[in-house]
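Step one of this worksheet: look at the structure below.
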Amino acid sequence: MFKKIAIFLEMIKIEHTLFALPFAFMGAVLGSVVVTGNLPSWPQIGWILLAMVGARSAAFGFNRMIDRVIDGKNPRTAGRAIPAGLLKSSEVVIFIIVSLLLLFWASFKLSPLAFKLFPLAFFMLVFYSYTKRFTWLCHIVLGLTIGLAPLGAWVAVTGQIDLTAIVLYLTIAFWTAGFDVIYACQDIDFDQSEGVYSIPARFGIAGALSLARAFHVITAIGFIVLFFIADLSWWYLAGMIISYIILFYEHYIVSPKDLSRLQTAFFTMNGVLSIVVFAFTLIDLVVRLY
């Protein structure tokens, strides 16, 4: 049983929770303070956490099921659970259903608007995995899907969507798209040979890295816009300066001629960035209230 659990945890890349979860909590605390003047309650935080677990688990389950044939052909992904025979397709389907039920129940407990948006979240979780079959914009679709984490958390605690929520959503969407483009550079040869759509396959590694930088410039602008429209203080600004240094370093250590530190740029740098941005935003908001 423990071995099977470990396989499922590896399938959903539980360590990648560092990317989305801090920004989900950022959406919750920022929305709650800006709209209601209070921090979110612990029950709200708990349901948001469960919603994130359900959404991420369902998303990875869908992706692994839909891409099982492609994954089996790609030497980098052939060892994944389904093509390697470690999990049966039926087991993954059950896992997806349970994950969706968790997301459904959590959204129901959070707010009426969050519950009404469940079908949109479901659609995006499924749709993303098919986009690599027909458009190199798949990275942006992934960003728009991951961006639902902070947007959904905002909706969960406020029951509304406003300009600040949309800016946060797009900021995280382009941040995700940027680092996903960098990550996709390692599969450029396979994608081109198999007809898989991606920005690296379409524009080459040099072009892809340039677009990734452009996406992260949009992210940097989005963070600054949030500073003004959410009336944040120098604590948040200090976090932004650190995050900009991280983004600069992320792009500095990868180049068309040297992708040896791609994993560091993809996982370590972005995991640190999300935690830094959330931590400094939280400090800023707590200082504002107390």
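The values are calculated or read from the model by the stated rules, or taken from the named source; none is laboratory data. In this text, all values refer to a predicted model and were calculated from it rather than measured experimentally. Here the Cβ is made from the backbone with ideal geometry for all residues, glycine too, and neighbour counts use every protein chain on show. Side chains are part of the model used for accessible areas, which takes the heavy atoms of the whole protein and leaves out ligands, DNA and RNA. Shrake-Rupley method; radii C 1.70, N 1.55, O 1.52, S 1.80 Å.
Assign one of three labels to the chain, namely rounded, prolate or oblate, based on the Cα gyration tensor with a ≥ b ≥ c the square roots of its eigenvalues; rounded applies when a/c is under 1.5, prolate when it is not and a/b is larger than b/c, and oblate otherwise.
The shape class here is oblate.
Rounded to a whole number, what % of the accessible area of segment 62-118 do carbon and sulfur atoms account for, probe 1.4 Å?
The value for segment 62-118 is 70 percent carbon and sulfur by accessible area.
Taking a cut-off of 20 Å between Cα atoms, list the aspartates and glutamates near K116, but don't count ones fewer than 8 places away on the same chain.
D162
So what's the back-of-envelope 222 nm ellipticity for the chain, counting only DSSP H runs of four-plus at -39500 (n - 2.57) apiece and dividing by all residues, rounded to 500?
Result for the chain, helices only: -24500 deg cm²/dmol.
Would you tell me the accessible area of L163, worked out with a 1.4 angstrom probe on the heavy atoms of the protein chains, in Å² to the nearest 10?
Result for L163: roughly 110 Å² accessible.
Quote the FRET efficiency, to the nearest 0.05, computed for V225 versus F134 with a Förster distance R0 of 35 Å and r equal to the Cβ-Cβ distance.
Efficiency for this residue pair is about 0.60.
Can you run phi through the Karplus equation (6.51, -1.76, 1.60; θ = phi - 60°) for segment 80-95 and list ³J(HN,Hα) in whole Hz, with x for Gly and Pro?
Calculated HN-Hα couplings, in order: 5, 4, 6, x, 7, x, 7, 10, 7, 4, 4, 5, 5, 4, 4, 4 Hz.
Once you have the Cα-Cα distance between S41 and I7, take 0.36 nm times their residue separation minus that, and quote the gain in nm to one decimal.
Residue separation times 0.36 nm, minus the Cα-Cα distance, leaves 8.9 nm.
Go through segment 257-273 residue by residue and turn each phi into a ³J(HN,Hα) via Karplus (6.51, -1.76, 1.60, θ = phi - 60°); whole Hz please, and just put x for glycine and proline.
For segment 257-273, the Karplus curve yields 9, 8, 10, 5, 9, 4, 5, 5, 5, 6, 8, 4, 5, 6, x, 5, 4 Hz.
In a GNM of the chain with a 10 Å cut-off on Cα contacts, which of W175, W235, W42 has the highest mean-square fluctuation?
Between W175, W235, W42, it is W42 that shows the largest mean-square fluctuation.
Once the piece of chain linking A214 and L113 is laid out straight, how much longer is it, given 0.36 nm per residue of separation minus the C-alpha distance between them?
Going from the current span to full extension adds 33.1 nm.
In square angstrom, what is the accessible area per residue of segment 174-290 with a 1.4 angstrom probe?
On a per-residue basis, segment 174-290 sits at 46 Å².
Kindly report, to the nearest 10 Å², the accessible surface of S233 as traced by a 1.4 Å probe over protein heavy atoms only.
40 Å²
What list of ³J(HN,Hα) values in whole Hz, one per residue of segment 49-55 in order, does the Karplus curve 6.51 cos²θ - 1.76 cosθ + 1.60 (θ = phi - 60°) give from phi, with Gly and Pro shown as x?
4, 5, 4, 5, 4, x, 5
Once neighbouring chains are kept in place and the probe is 1.4 Å, which whole percent of the accessible area of segment 121-219 is contributed by carbon and sulfur?
Roughly 66 percent, rounded to a whole number.
Extension gain F203-V69, at 0.36 nm per residue separation less the Cα-Cα distance, in nm?
45.8 nm
Would you mind working out the accessible area per residue for segment 88-154, using a 1.4 Å probe, and quoting it in Å²?
49 Å²
List the aspartates and glutamates whose alpha-carbon lies under 15 Å from that of K3, not counting same-chain residues fewer than 8 positions away?
E91
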